[in-house]
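First the structure, in the form of C-alpha cells, and then the observations on it.
The values are calculated or read from the model by the stated rules, or taken from the named source; none is laboratory data. Not measured: the values here are computed from a predicted model. A quick note on method: Cβ atoms are made from the backbone with ideal geometry, for glycine too, and the neighbour counts reach across all protein chains shown. Heavy atoms of the whole protein, side chains included, go into the accessibility calculation; ligands, DNA and RNA do not. Shrake-Rupley method; radii C 1.70, N 1.55, O 1.52, S 1.80 Å.
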Amino acid sequence: MKITIHRGIDQIGGCITEIATETTKIFIDLGHNLPEGGDKPAEDKNANSKSIEKLTKDCNAIFYTHYHGDHIDLYKYVPENIPQYIGEIAKQVMISKSKRLAKIPNGNITEKDVEKLETFKTFKEKDRIEIGDISVTPYFVSHSACDSYMFLIEANGKNILHTGDFREHGYLGKGLIPTLETYITKQRIDVLIIEGTMLSRLQEEVKHEKDLKTDAIELFKKYKYSFVFCSSTDIDRLASFHEASKKCGRSFLCDNYQKEVLDIFTKYAKSDLFKFDNAYFYKHNHEKQFELIKEKGFCLLIRSTKIEMIKELLKHLPQEETLLIYSMWDGYINENVKKGEHCKRESLQIWNLFKNRQKLHTSGHATPETLTKVCQLVNPRTAIIPIHSEHSADIYRLNISAEMKKKIICQNEGENNLIFSF
Ligand SMILES: [Zn+2]
Ligand SMILES: [Zn+2]
C-alpha cells in the first residue's frame, strides 16, 4: 500500500491524503489552504480544475472527514465521474451554506458547485464502503464541526487509521476511547495518520465544552443582552449557548442562515442537547419582537458581516447590561499574536464596539494528552504520520515511548509530499 500526504505535513489545513493499492486509489479530504493570516486571501495552487484533475487522475473515490473548508473546499474541481462521500448531516450543512454563498455575485461559489454537492454520496457511521480492493469504514469523532469522522482503511490485509480532526473535550468526546477500543484496536493497525493541531498551541487553555456552558450561564445571569460571536456550524458551541439561554430564560436569536443550519442539526439530533427548539430568527427593526426580547433579555448570535446591524441595536440597549462574548480563536482579534498577522479587521471592529466583553473558547482539536492516549492505544505496528500541525516534528514532544517515536514519519520528500509505502 502506498500513502501520499500531498498536504498536511508542517501545515494546518489544506489536507490531502492519498491511499493507493496496485489497482485502487482513494483520497481522504481535499482541503483548501487556510488563509496565511487575518484578511489575506487563502492562496492555493491546487484551487483549479486542471490541478485537481491531474491530482485525482485514476482516483476511484474521495472521502471527506468533515465540512471544514480546509478539508473539503477543493471538491468543486473534482471531475464528475469520481464519487465523493461525506456524512449525511455534513452534506446538508454544505448545501445550505453553499446555496447562500452562490447568491453573492462574483463570489467563490456557483450554482454548479451546489449541484455538485447534491451529487455527493453519504455514509453512516460504521458503514463499510468497498472501493475496488480498499474498504473504508467511518467512525464518529467529536470536533468543532458536526458529523465528523475518522476512517479505518483496509486493503491487502493492512490497516490504516486516519483520525481527521477530532477532540475528546467536546460533548460527545467521551466516546472516542471506547470507539477505538471496541472497533479499531481489536485488529492490528499498521499506520496511524493523526492530526496534531494543538502540538504548536501548547499554551492554549483547553476547557471542556460543558464548562463553557457553565461560564455562559454565569455571564447570562450577569448581563441581560449578550452578543455571541461564534462559528455558525460549530454544533457543540451553539448547544452550549442555546442551553445557557434556556437556563437563564433569555431569548436565543440568530439570522436566517444560522437558523437554517440549526434546523438541520435539530432534524438529525440524537439527544435533546442538539435540538435547537428555542432558536428564533432575529428580525431587525421589528418593534414588537424588540419589546419582547428587551424584556426577556437575549443571546444573539452574530457574524462579522453584521456590524451595522449590531451598531444600530446597541443604540437601543443600556451599555451596562450589554456584553460581547467572543467565542472563536483568539488570534483573529489579538494584535499581539504574531504581531497581529492573524487579525481580522471586521472581527476586531466588532470587538471594539463593546465596553463589556468576554472571551469564551476552547479548541476543536485534541490536546497533547489525548493525542498521546490515542497513539498508545492504537499502537501502530509500522508508522505514525502526523498531519494538520504547524511543525509535524512537534509530535516527538508527546509523552510516548522511544520505540513508538521511532515509528514517526514526518519528513517531506521533495515537493510538499510525504510518500510512505508498506
Ligand atoms: Zn482542519
Ligand atoms: Zn476541522
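In the chain, the longest principal axis of the Cα atoms and the axis of helix 368-378 are about 40 degrees apart.
With respect to the chain, whose longest principal axis is taken over its alpha-carbon atoms, helix 287-296 is tilted by about 80°. In the chain, the portion of solvent-accessible area held by carbon and sulfur atoms comes to 47 percent [1.4 Å probe, whole percent, DNA, RNA and ligands not counted]. Over the chain, what relative contact order in percent results from Cα pairs under 8 Å that are six or more residues apart? It comes to 20 percent, rounded to a whole number. Here, the stretch 197-253 has an Rg and a Dmax of 12.8, 40 Å when only alpha carbons are counted.
Per residue, the solvent-accessible area of the stretch 110-157 (1.4 Å probe, heavy atoms of protein chains only, all protein chains present) comes to 42 Å².
Per residue, how much accessible area does the stretch 209-359 have with a 1.4 Å probe, in Å²?
49 Å²
Rounded to two decimals, the Cα radius of gyration of the chain over 2.2 N^0.38 Å is 1.00.
Spin-label model, ASN336/SER51: points 7 Å from Cα along the beta carbon direction are separated by 3.6 nm.
Taking label positions 7 Å along the Cα-Cβ direction at both LYS270 and LEU101, the computed distance is 2.8 nm, reported to one decimal.
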